[in-house]
Amino acid sequence: MTTPADLVIENGTVVTEDETFAANVAIRDGKIVAVGPAAEMPPAGESIDAAGLHILPGAIDVHVHFREPGMEEKEDWETGSTAAVMGGVTTVFEMPNTDPPVDTVEHYELKLSLARAKSVCDFGIYGLLGDNNLDQLEPLADAGAIGFKLFLGNTTGNLPCPSDGAVLEGFEILARIGKRCSIHAENSPILFWREERLKTAGLEAPHYHLAARTDVCALEALSKSCILAEWTGARIHIVHESTSLSLPYIRFYKERGVDITVETLPQYLYLSVEDMDRPGGEKLRMNPPIREAYHQEPLWEALLDGTIDMISTDHAPHTPAEKAGNRIWDVACGFPGVETCMPLMLTAVNEGRLTINEYVKISSANPARAWGLEGRKGAIAEGADADLVLVDLERRETLAADMLHSRGKVSAFEGKDVTGWPVATLVRGKVVMREGELLAEPGWGEPVVQQMPTPEPRNLEKHIASLVGASPAPVQDAAE
């Protein structure tokens with residue numbers, strides 16, 4: 001006797017990174033148990049009619065800031081994860097620059113408890129790679145950190161950029177652990193120097209934010225990160241790639257065998273610095289900055305040829321008051337994005353910029369591969385988690401700040417018309433969103449189960465731990 005399914009999604013069009021085909025999807029105990037024609041489906045206690053809709057793997061956003069603990073006036077796990085599922089995102093990786101930062105196991109466990117209690121989507125939590133917590137990297141990895149974040153450029157929370165010595169030793173440790181390190185690749189000394197010079201000169205219009213963080217800031221940090229990763233064997237991920245000038249360097253190091261993955265964001269594909277000098281353009285301040293329009297087309301092409309591996313959002317909400325000001329230097333950096341990414345990219349599908357299969361690849365399949373989730377997340381196949389989004393490719397909407405479920409009611413795409421909309425989201429088989437209504441209770445989300453490939457460290461005999469024969473110790477302040 002065939003074991004019944006809990007739910008069957010009927011009459012839909014299934015989309016994977018390789019295929020698009022008419023099929024039903026059966027779900028039992030949170031997992032996909034069958035994909036195929038109606039005749040092959042088990043009986044089910046419930047069904048959803050997906051006629052006219054496409055069934056995609058839920059998006060995996062590897063770069064969000066949900067701000068909790070410590071900055072809940074901007075966002076928290078409940079509001080951030082609600083925004084995620086409204087946007088067809090079923091798994092998020094949350095950054096460590098909260099208060100306190102995720103620099104110890106104790107602080108990781110604090111954030112984990114908040115996420116378990118409040119999140120409606122699945123999640124991973126980053127640990128911090130900093131000057132003073134190298135001794136915590138292995139314990140954080142053992143505790144379940146999805147990976148680590150290295151801030152070479154400044155960020156909300158003002159976490160200091162580690163010294164090059166700490167970065168190298170951190171990469172040595174992570175190369176042996178095998179976890180991936182996400183890198184904000186901007187040169188802090190250069191950008192701080194240039195920003196101060198511009199401030200002193202009284203230059204404070206929005207476009208001067210780009211002038212402070214010109215391309216060379218990104219190129220230097222990217223190159224240094226790749227050199228250290230190649231030498232150590234560390235796995236790295238470049239977040240929010242914004243400049244087309246980085247692309248030859250990325251290709252070069254990928255060809256050399258560096259385990260590097262790269263993301264870009266919708267704002268770099270759709271917006272330019274010219275938008276910042278229009279009324280309200282100061283809201284577009286973010287790091288790295290939105291650049292000149294000529295970068296857009298090469299970034300689109302890099303997404304399609306595999307130079308850039310994935311799309312994410314750098315969802316970074318602030319209060320509306322923090323996003324306003326007469327001087328660009330007084331405006332907080334970042335804005336919400338987790339809820340609007342999918343409609344923007346589906347619009348690109350409708351415009352012929354990429355295929356629906358290519359979208360699935362960069363939003364779901366590639367993130368799953370890069371972060372050790374392949375086979376469980378980012379796929380529509382038997383045995384995978386039933387993380388799914390039902391999409392109406394013909395539905396037209398207009399993006400606006402007041403429609404966002406994030407606490408940060410600011411939109412970089414105010415008034416933009418989009419075609420393609422997520423109408424239902426499932427996380428491990430549960431319908432958590434349908435037609436804009438949240439159907440899950442806080443706490444439905446779970447930490448992801450990760451299995452990274454075997455580490456492949458290099459130059460082990462030259463690693464500092466091999467030379468001194470001890471685990472890294474916390475770095476003490478010189479005054480102590």
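Checking each residue in the stretch 459-480 for being surrounded by fewer than 16 Cβ atoms within 10 Å (Cβ to Cβ) and either modelled with pLDDT of 95 or more or not in a loop (DSSP other than H, G, I, E, B) (or both) picks out N459, L460, E461, K462, I464, A465, S466, L467, V468. Residue count for the stretch 115-136 under the criterion of being hydrophobic (A, V, I, L, M, F, W, C), assigned to a helix (DSSP H, G or I) and touching a Pro at 6+ places or on another chain (Cβ under 6 Å): the result is 1.
Could you check how many residues of the stretch 90-110 are charged (D, E, K, R) and crowded, with 22+ Cβ neighbours inside 10 Å?
1
Here E196 meets the list (1) farther than 24 Å from A368 by Cβ; (2) of a type in the set (D, E); (3) in contact (Cβ under 8 Å) with a residue 60 or more places away in the chain almost entirely, failing just condition (3).
Cβ separations smaller than 6 Å between residues 6+ apart or across chains give the following pairs from the stretch 200-223 residues that are buried (at least 16 other Cβ atoms within 10 Å of the Cβ) to residues that are part of a loop (DSSP other than H, G, I, E, B) and among the aliphatic types (A, V, I, L, M): A218/A185; A221/L152; A221/A185; L222/A185.
One line per residue, one yes/no per condition, for (1) of a type in the set (S, T, N, Q); (2) in contact (Cβ under 8 Å) with a residue 24 or more places away in the chain; (3) touching a helix residue (DSSP H, G or I) at 6+ places or on another chain (Cβ under 8 Å):
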{"residue": "L373", "(1), (2), (3)": "no, yes, yes"}
{"residue": "D385", "(1), (2), (3)": "no, yes, no"}
{"residue": "L388", "(1), (2), (3)": "no, yes, no"}
{"residue": "S411", "(1), (2), (3)": "yes, yes, yes"}
{"residue": "R428", "(1), (2), (3)": "no, yes, no"}
{"residue": "Q450", "(1), (2), (3)": "yes, yes, no"}
{"residue": "A465", "(1), (2), (3)": "no, yes, yes"}
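Taking the stretch 150-176 as the range and being farther than 27 Å from R67 by Cβ and touching a residue at least 60 places away in the same chain (Cβ under 8 Å) as the test, the residues that pass are D164, L168, E169, F171, E172, I173, A175, R176.
Selection of the stretch 230-270 for residues being under 22 Å from I190 (Cα atoms) and small (G, A, S) yields S242, S244, S246. Please verify whether the stretch 221-240 includes one or more residues that are over 26 Å from Q451 (Cα atoms), of a type outside the set (S, T, N, Q) and not in a helix (DSSP H, G or I). No; the residues of the stretch 221-240 include none that is over 26 Å from Q451 (Cα atoms), of a type outside the set (S, T, N, Q) and not in a helix (DSSP H, G or I). Within the span defined as the stretch 410-424, every residue fails to be at pLDDT 95 or above, within 25 Å of I32 (Cα to Cα), of a type in the set (V, I, T) and surrounded by 22 or more Cβ atoms within 10 Å (Cβ to Cβ).
Kindly indicate whether E274 is surrounded by fewer than 22 Cβ atoms within 10 Å (Cβ to Cβ), in contact with an Asp or Glu (Cβ under 9 Å, 6 or more places away or on another chain), more than 16 Å from G415 (Cβ to Cβ) and not β-branched (V, I, T). Yes; evaluated as a whole, the condition is true for this residue. Just one of the listed residues (W300, W329, W371) is more than 23 Å from A212 (Cα to Cα), surrounded by fewer than 23 Cβ atoms within 10 Å (Cβ to Cβ) and of a type in the set (A, V, I, L, M, F, W, C), and it is W300. Residues that are β-branched (V, I, T), touching a residue at least 60 places away in the same chain (Cβ under 8 Å) and more than 26 Å from R369 (Cα to Cα) are absent from the stretch 132-147. So is L129 surrounded by fewer than 24 Cβ atoms within 10 Å (Cβ to Cβ) and within 20 Å of the chain's Cα centre (by Cα) or not? Spelling it out, it is not the case that L129 is surrounded by fewer than 24 Cβ atoms within 10 Å (Cβ to Cβ) and within 20 Å of the chain's Cα centre (by Cα). Number of residues in the stretch 430-458 that are touching a strand residue (DSSP E or B) at 6+ places or on another chain (Cβ under 7 Å), charged (D, E, K, R) and in a loop (DSSP other than H, G, I, E, B): the value is 2.
The values are calculated or read from the model by the stated rules, or taken from the named source; none is laboratory data. These figures come from a predicted structure and were not determined experimentally. All Cβ positions, even for glycine, are placed from backbone atoms using ideal geometry, and neighbour counts span all protein chains on display.
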